[in-house]
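Colleague: Have a look at this one.
Each value in this text was obtained by applying a stated rule to the coordinates, not by laboratory testing. These numbers were taken from a predicted model, which means no experiment stands behind them. Cβ placement follows ideal geometry from the backbone for every residue including glycine, while neighbour counts extend to all protein chains displayed.
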Amino acid sequence: MSEALIRQEPVSETPFAAEGIRISLAPPMQRHALRARNAEDLERLLKVKIPTKVGTSQGGILCLGPDEWYLRSAIGTAIPTGEGLPLAVTDISDRSICLIVEGPRASEILMAGCPLDLDQFAVGRATRTIYETVEIIVMRDAEDRFHVEVWRSFAAWLWMAMTTAARH
């Protein structure tokens, strides 16, 4: 029976646009929470170099803490489980969505509810923070483009809050 269910996104698939800002739903992607005491164990498992400085990103992997990473990849990408190794790879693909906030006002709109000075946020930087009371992960993809990861259960509220800020 559940095979017949169709997932509806919690926000509009039609981008919001106003002067100097565009907010849109990113295409679906896989997400994995990665935990390991030694980054080298994850590098051997994934066969890629991973960022080790907290707040940096590389190749779709965000370093969120000294032993915590967030992996974003294309749907269908094979991710090894790490079974038997001293690490954890957890598929959290269905938990979150990504909003793309872009345009000359992108940092302004995000700072309307986020305590960070995103104007000082370097391209490639990523961190866990809040937008008002909602936990988000924000990554600066370009000078005028941010990716905002948010749990599905808070996505509609975040969409409303950011589009409201963008209208003013």
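Colleague: Pick out, in residue order, every one of the chymotrypsin sites (Phe, Trp or Tyr not before Pro) in region 78-168 that is DSSP loop and has at most 16 other C-beta atoms within 10 Å; say none if there are none.
Modeller: Of the chymotrypsin sites (Phe, Trp or Tyr not before Pro), not one in the loops of region 78-168 has a Cβ with at most 16 other Cβ atoms within 10 Å.
Colleague: Taking square-rooted eigenvalues a ≥ b ≥ c of the alpha carbon gyration tensor, is region 91-147 rounded, prolate or oblate, where a/c under 1.5 means rounded and, failing that, a/b exceeding b/c means prolate?
Modeller: Prolate, because a/c is 1.5 or more and a/b exceeds b/c.
Colleague: While we're looking at this one, here's another question. Output the 0 to 90 degree angle, nearest 10, between the alpha-carbon long axis of helix 152-167 and the longest principal axis computed from the alpha carbons of the chain.
Modeller: Result, in degrees: 40.
Colleague: Using the Cα centre of the chain as the reference point, and only Cβ charges (+1 on K/R, -1 on D/E), how large is the resulting charge dipole? Debye, rounded to the nearest 20.
Modeller: For the chain, the charge dipole is close to 200 debye.
Colleague: Another question, then. For region 96-135 and region 14-37, what is the separation of their C-alpha centers, rounded to whole Å?
Modeller: 11
Colleague: Taking 0.36 nm per residue of separation and subtracting the Cα-Cα distance, what length does fully extending A17 through K49 add?
Modeller: Length gained, A17 through K49: 7.9 nm.
Colleague: Just the Kirkwood number for the chain, please: inverse of mean 1/r across all distinct Cα pairs, in Å, one decimal.
Modeller: 16.7
Colleague: With a point put 7 Å past each Cα toward its Cβ, work out how far A112 is from A33 in nm, to one decimal.
Modeller: 3.0
Colleague: Decide, for region 30-91, between rounded, prolate and oblate: order the square roots of the alpha carbon gyration tensor eigenvalues as a ≥ b ≥ c, take rounded if a/c falls under 1.5, and otherwise choose prolate if a/b is larger than b/c, else oblate.
Modeller: Note, shape of region 30-91 comes out oblate.
Colleague: Let me ask something else about it. Within 13 Å, Cβ to Cβ, of L42, how many net charges do the neighbouring residues add up to if Lys/Arg are +1 and Asp/Glu are -1?
Modeller: So the environment of L42 carries a net charge of 0.
Colleague: Continuing with the same structure: Pick from Q30, Q58, Q120 the residue whose mean-square fluctuation is largest in a GNM of the chain, springs joining Cα atoms under 10 Å.
Modeller: In this elastic network of the chain, the residue with the biggest mean-square fluctuation among Q30, Q58, Q120 is Q120.
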